[in-house]
Amino acid sequence: MATNSPLNRKDQEDGMRRQGRLPPGQSLTQKFPVLHYGPIPVFEESRWNFRLWGSIEKEICLTWPEFQQLPRTVVDMDLHCVTRWSKFDTSWEGVSLRTLIDTGLLDLKPETCFVIQHAENDFSANLPLEVALAENFLLATHYNGQPLTPEHGFPLRGVVGAIPGRKDLKDVYFWKGAKWLRSLEFSTTDRKGFWEMAGYHNDADIWKEERIA
């Protein structure tokens with residue numbers, strides 16, 4: 001039986017449900033659907049930079065070669081989209097905010113509580129600081145061992161997923177990670193991102209089905 005056959009997909013979905021990895025209202029996909037707001041931007045390395053700014057002790061602005069020199073990590077996660085597809089056992093490589101803090105590259109002010117992702121096309125997505133600092137949020141450059149494709153956010157995207165077996169982490173819908181990321185704003189107050197202002201739930205907990213506000 002082909003691995004991408006409907007019957008095999010249903011068997012895989014039932015297996016994930018039995019393992020407690022399929023959130024309510026979701027269906028397993030064997031593909032990687034492409035969903036985003038606005039056109040795919042053209043990457044120009046000479047003009048690209050990435051900023052960390054706001055409620056931090058010192059603003060950081062990095063070129064693409066400088067970003068590639070940051071400490072890296074690989075995280076395996078399940079992805080759950082608000083449009084009801086779930087993709088399991090995906091592997092992401094990139095930069096962890098927790099690592100940047102632990103190595104002294106990033107110094108947050110004590111009053112910092114939120115992180116706002118700013119991306120191309122004036123897109124934004126907000127996360128509580130504790131989610132952005134957790135292991136299931138990554139500033140990703142690679143997917144399944146390969147550089148991101150343009151439609152999936154090349155050169156840099158935020159990724160949020162569910163790490164199997166980690167019930168101590170808050171799992172949120174996939175829209176909370178912004179494609180084509182250009183900066184992170186650290187904030188003392190929360191501000192809704194693009195989809196939250198359009199009516200999506202601000203917390204976006206996948207297990208509570210927090211889809212619409």
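A short reminder: the numbers here are calculations on the coordinates, not readings from a lab. Keep in mind it's a predicted model, so treat the numbers as computed, not measured. Positions of Cβ are generated from backbone atoms using ideal geometry, with glycine treated the same way; all protein chains shown enter the neighbour counts.
Within the chain, what percent of beta bridges assigned by DSSP are antiparallel, to the nearest 5? Around 85 percent of the beta bridges assigned by DSSP in the chain are antiparallel ones.
Could you work out how far apart the two model spin labels at PHE32 and GLU210 are, taking each label as a point 7 Å from the Cα in the direction of the beta carbon, and quote it in nm? Here the answer is 2.7 nm between the modelled labels.
Estimated from the Cβ-Cβ distance and a Förster radius of 22 angstrom, the FRET efficiency linking ASP190 and ARG98 is about 0.60.
Taking the C-alpha atoms only, the angle from helix 6-18 to the longest principal axis of the chain is near 70 degrees.
How large is the Kirkwood hydrodynamic radius of region 5-87, counting all unique pairs of alpha carbons, in Å? Write down the numbers at each step before the final one.
Details: mean 1/r = 0.0595 Å⁻¹.
Roughly 16.8 Å, rounded to one decimal.
Extension gain ARG51-LYS10, at 0.36 nm per residue separation less the Cα-Cα distance, in nm?
Details: separation 41, 0.36 × 41 = 14.76 nm, distance 4.31 nm.
This chain segment gains 10.5 nm when fully extended.
Placing unit charges on the Cβ atoms only, positive for Lys and Arg and negative for Asp and Glu, gives region 33-174 a dipole magnitude near 200 debye about its Cα centre. Calculated FRET efficiency, ARG166 to ASP107, Cβ-Cβ distance, R0 = 35 Å: about 0.85 to the nearest 0.05. Placing unit charges on the Cβ atoms only, positive for Lys and Arg and negative for Asp and Glu, gives region 143-213 a dipole magnitude near 140 debye about its Cα centre. Report, in listed order, any pair from LYS176/LYS208; LYS31/LYS179; LYS10/LYS87; LYS167/LYS208; LYS109/LYS179 with a Cα-Cα distance greater than 20 Å. Checking Cα-Cα distances, LYS109/LYS179 exceed 20 Å.
Using 0.36 nm per residue and subtracting the Cα-Cα separation, the extra length available between ASP203 and ASN144 on full extension is 18.5 nm. GNM on the chain, alpha-carbon springs under 10 angstrom: the most fluctuating residue among ARG98, ARG72, ARG166 is ARG166.
Return the calculated 222 nm mean residue ellipticity for the chain, to the nearest 500 deg cm²/dmol, obtained by summing -39500 (n - 2.57) across DSSP H runs with n ≥ 4 and dividing by the residue count. Mean residue ellipticity at 222 nm (helix-derived): -3500 deg cm²/dmol. Out of every Cα-Cα pair that region 122-202 contains, those further apart than 19 angstrom amount to 39 percent.
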